[in-house]
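Novice: Take this structure, written in structure tokens, and hold onto it; I'll ask about it next.
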Amino acid sequence: MKRIDNDPGGASGAVTVRGLVKHYGATKALDGVDLDVREGTVMGVLGPNGAGKTTLVRILSTLLAPTSGHATVAGYDVVRRPRQLRRVIGLTGQYASVDEKLSGRENLYLIGRLLDLSRKEARGRADALLERFSLTEAARRPASTYSGGMRRRLDLAASMIGRPAVLFLDEPTTGLDPRTRNEVWDEVKRLVTDGVTVLLTTQYMEEAEQLADELTVVDRGKVIASGGIEQLKARVGGRTLRIRPADPRRLRPLADALDELGITGLAGTSVDPESGAVLVPVLSDEQLTAVVGAVTARGITLSSLTTELPSLDEVFLSLTGHRAGAPRDTAPAETPEEAVAV
């Protein structure tokens, strides 16, 4: 869909946020958030419950007015150009928001007409998206008869009716079974291939690794880390050396010998019997060299030796102090006077 009345001097990135603040009384849901999302990429926004992720999405999709700060999406200021902005974005919230009394096709057709598509265009887009999301056979059935996964797919299809330049996905796979979740992931990847920019909030570490080009970690309304997945893993520090002896009988003696050397810190070593490897935490290049030297000095023949960065879940825990919880943001709902006028 073509942009109209584009905001002069807009940012070159798909999403640009500077100093975004949102107060709910004495509570700061957002406290000076800065964010940049490059066109045609997926930005994953991670954070514990109540971190401000959903509040951020609401502001960027014009559903909520910020207390202060500035944000542009697809070149439009979210406060000054909300009507124009809504024409070039799509939004899928934490819970499917389809009309259960209407059929799948009627839901999509209605949204197409609301976006000023002609009757022919709205029907064509609806049919194409029903096929794309494997909903053609259920197209004439009321949405109330759809399974949870089908409703989520219909909701995602609805967000694509207007061919958005930027798509906001707020916990898009909440409650889905693994098969349906994979289908949603595949669709998101196709959208990005087509040039769509995606801002994704999630608490599924696997989802972030599957989809995100870059990550922003939010806690207590502030951005506490950002960058590529491997960058964040390296920032947390620490690596695990996985040593697999050629002779499985040397597994436990190898672990005991490395513990006795006292070069791996307080964490010590551990044995992974299933893979037949000794896992050694190393915090520096010097420790890594010392461990390899110790193995060599004892004449132990190895079948493999690899280093691994922390998992994304470990990164999340290290940065926020707690693990990802249930995928639901606990920010207060906005009051009518706080919402941006339609």
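Novice: Quick one: how many residues across region 61-71 are among the β-branched types (Val, Ile, Thr) and open to solvent by 50 Å² or more (accessible area, probe 1.4 Å)?
Specialist: Count: 1.
Novice: Determine whether region 134-148 contains at least one residue that is open to solvent by 10 Å² or more (accessible area, probe 1.4 Å), under 28 Å from GLY50 (Cα atoms) and at pLDDT below 95.
Specialist: yes
Novice: Can you tell me which residue among ALA71, ALA29 is farther than 18 Å from GLU214 by Cβ and part of a strand (DSSP E or B)? Don't jump to the end; show me each part of the working.
Specialist: On the way: ALA71 fails: farther than 18 Å from GLU214 by Cβ.
Checking each option against the conditions leaves just ALA29.
Novice: Among the residues of region 291-302, what is the count of those that are surrounded by fewer than 16 Cβ atoms within 10 Å (Cβ to Cβ) and out of contact with any Asp or Glu (no Cβ under 9 Å at 6 or more places or on another chain)?
Specialist: Start the filter on region 291-302 by keeping residues that are surrounded by fewer than 16 Cβ atoms within 10 Å (Cβ to Cβ), which leaves 293, 296-299, 301.
Those left that are additionally out of contact with any Asp or Glu (no Cβ under 9 Å at 6 or more places or on another chain): 293, 296-299.
Result for region 291-302: 5.
Novice: Looking only at region 180-216, which residues are open to solvent by 10 Å² or more (accessible area, probe 1.4 Å), acidic (Asp, Glu) and either farther than 17 Å from LEU317 by Cβ or over 9 Å from the mean Cα position of the chain (by Cα) (or both)?
Specialist: The answer is GLU183, ASP186, ASP194, GLU206, ASP213, GLU214.
Novice: Another question, then. Inspect region 178-201 for any residue being among the polar types (S, T, N, Q), under 15 Å from GLY90 (Cβ atoms) and part of a strand (DSSP E or B) and give the result as yes or no.
Specialist: yes
Novice: Report every pair of residues separated by at least 6 positions or lying on different chains whose Cβ atoms are under 7 Å apart, first residue within region 185-197 and on the phi > 0 side of the Ramachandran plot, second surrounded by 14 or more Cβ atoms within 10 Å (Cβ to Cβ).
Specialist: GLY195/GLY40
Novice: Inside region 110-133, can you point out the residues that are within 29 Å of the chain's Cα centre (by Cα), of a type outside the set (A, V, I, L, M, F, W, C) and either crowded, with 19+ Cβ neighbours inside 10 Å or farther than 30 Å from PRO178 by Cβ (or both)?
Specialist: Those that are within 29 Å of the chain's Cα centre (by Cα), of a type outside the set (A, V, I, L, M, F, W, C) and either crowded, with 19+ Cβ neighbours inside 10 Å or farther than 30 Å from PRO178 by Cβ (or both): GLY112, ARG125.
Novice: Also, quick follow-up: Can you pull out the residues in region 217-262 that are open to solvent by 50 Å² or more (accessible area, probe 1.4 Å) and at positive phi?
Specialist: Once the filter is applied, which keeps residues that are open to solvent by 50 Å² or more (accessible area, probe 1.4 Å) and at positive phi, region 217-262 yields ARG220, GLY262.
Novice: Ok, one more. Among the residues that make up region 27-42, is at least one of them open to solvent by less than 10 Å² (accessible area, probe 1.4 Å) and either more than 20 Å from the chain's Cα centre (by Cα) or basic (Lys, Arg) (or both)?
Specialist: no
Novice: I would also like to ask the following. What are the residue pairs meeting all of these: first residue in region 207-232, first residue without any contact (Cβ under 8 Å) to a residue 12 or more places away in the chain, second residue surrounded by fewer than 16 Cβ atoms within 10 Å (Cβ to Cβ), Cβ atoms under 9 Å, and 6 or more apart or on different chains?
Specialist: Every condition considered, no pair remains.
Novice: Moving to a separate point now. If we scan region 131-153, do we find a residue that is in contact with a Lys or Arg (Cβ under 6 Å, 6 or more places away or on another chain), closer than 23 Å to ARG83 by Cβ and touching a residue at least 40 places away in the same chain (Cβ under 8 Å)?
Specialist: no
Novice: Take the conditions at pLDDT below 90 and either in contact with a Phe, Trp or Tyr (Cβ under 9 Å, 6 or more places away or on another chain) or farther than 24 Å from LEU309 by Cβ (or both) and apply them to ARG239. Does it pass?
Specialist: no
Yes/no per residue for (1) modelled with pLDDT under 95; (2) surrounded by fewer than 20 Cβ atoms within 10 Å (Cβ to Cβ):
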{"site": "VAL73", "(1), (2)": "no, no"}
{"site": "GLN84", "(1), (2)": "yes, yes"}
{"site": "VAL88", "(1), (2)": "yes, no"}
{"site": "THR92", "(1), (2)": "yes, no"}
{"site": "TYR95", "(1), (2)": "yes, yes"}
{"site": "VAL98", "(1), (2)": "yes, no"}
{"site": "LYS101", "(1), (2)": "yes, yes"}
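Novice: For SER303, are the conditions met, namely being at pLDDT 70 or above, in contact with a helix residue (DSSP H, G or I) (Cβ under 8 Å, 6 or more places away or on another chain) and polar (S, T, N, Q)?
Specialist: no
The values are calculated or read from the model by the stated rules, or taken from the named source; none is laboratory data. None of the values given here were measured: they were computed from a predicted structure. Cβ atoms come from the backbone with ideal geometry, glycine included; neighbour counts cover every protein chain shown. Quick note on the areas: whole protein, heavy atoms, side chains included, nothing else; ligands and nucleic acids left out. Shrake-Rupley method; radii C 1.70, N 1.55, O 1.52, S 1.80 Å.
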